[in-house]
Amino acid sequence: MKEILDLQYSNYENTLVDIYLPETENFQTVVYFHGGGLEHGSRRNERIVELAKSLTDEGYAFASVEYRMYPNAKFPDFIEDSACAIRWLKDN
């Protein structure tokens with residue numbers, strides 16, 4: 001599994017993505033947005049890395065996305081960050 005960490009997908013602070021790639025060349029990508037009620041949580045912890053490892057072993061890429069959170073961000077910032085992350089992943 002190849003790890004590419006802390007990639008910025010937009011100009012806003014805390015809009016980062018970690019990408020985990022399988023050894024194969026042709027793969028589909030699973031995109032993960034952490035929980036936390038839009039107020040807390042993280043794109044990276046031991047469980048997420050284990051999930052990434054499991055999926056990359058099956059030939060999938062795994063992208064774990066961080067987004068702006070409340071109270072610094074308000075609706076629809078979270079949704080815009082999610083759309084921006086998907087667009088960035090698709091383009092890159």
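The values are calculated or read from the model by the stated rules, or taken from the named source; none is laboratory data. Everything quoted here is computed from the prediction, not taken from an experiment. Cβ placement follows ideal geometry from the backbone for every residue including glycine, while neighbour counts extend to all protein chains displayed. Keep in mind that these areas ignore ligands, DNA and RNA; they rest on the heavy atoms of the full protein, side chains included. Shrake-Rupley method; radii C 1.70, N 1.55, O 1.52, S 1.80 Å.
Listed values for the range 26-34 are Karplus-derived 3J(HN,Hα) couplings in whole Hz (6.51 cos²θ - 1.76 cosθ + 1.60, θ = phi - 60°), namely 9, 8, 9, 10, 9, 9, 10, 10, 5, and x replaces Gly and Pro.
With the other protein chains left in place, how much accessible area per residue, in square angstrom, belongs to the chain at a 1.4 angstrom probe?
Numbers: 6030 Å² over 92 residues.
Each residue of the chain exposes 66 Å² on average to a 1.4 Å probe.
Against the empirical 2.2 N^0.38 Å scaling, what ratio does the C-alpha Rg of the chain come to?
With N residues counted in the chain, Rg over 2.2 N^0.38 Å equals 1.07.
The phi-based Karplus calculation (6.51 cos²θ - 1.76 cosθ + 1.60; θ = phi - 60°) puts the 3J(HN,Hα) values of the range 52-65 at 4, 4, 4, 6, 5, 4, 8, x, 9, 8, 9, 10, 10, 9 Hz, whole numbers, x for Gly and Pro.
Residues of the range 48-92 with an amide N closer than 18 Å to a point placed 7 Å from the Cα of Glu39 along the Cα-to-Cβ direction: 67-79.
Counting only Cβ charges, +1 for Lys and Arg and -1 for Asp and Glu, the dipole size of the chain around its Cα centre is about 200 debye. Per-residue ellipticity at 222 nm, computed for the chain from helices alone with -39500 (n - 2.57) per DSSP H run of at least four residues, works out to -9500 deg cm²/dmol. Each of Ala52, Ser82, Ile19 was placed along the dipole of the chain (beta-carbon charges, centred on the mean Cα), and the one lying farthest toward the positive end is Ser82.
For the chain, with all protein chains present and a 1.4 Å probe, just round the carbon and sulfur fraction of the accessible area to a whole percent. Mind dumping the intermediate values first?
Values: 2970 of 6030 Å².
It is 49 percent, rounded to a whole number.
Converting phi to 3J(HN,Hα) with the Karplus coefficients 6.51, -1.76 and 1.60 and the offset θ = phi - 60°, the range 40-46 yields 7, x, 8, 6, 9, 7, 4 Hz in sequence order, with x at every glycine or proline.
Here's how it looks for Tyr32: its modeled amide H is under 5 Å from those of Ala63, Ser64, Val65, which are all 5 or more places away or on a different chain.
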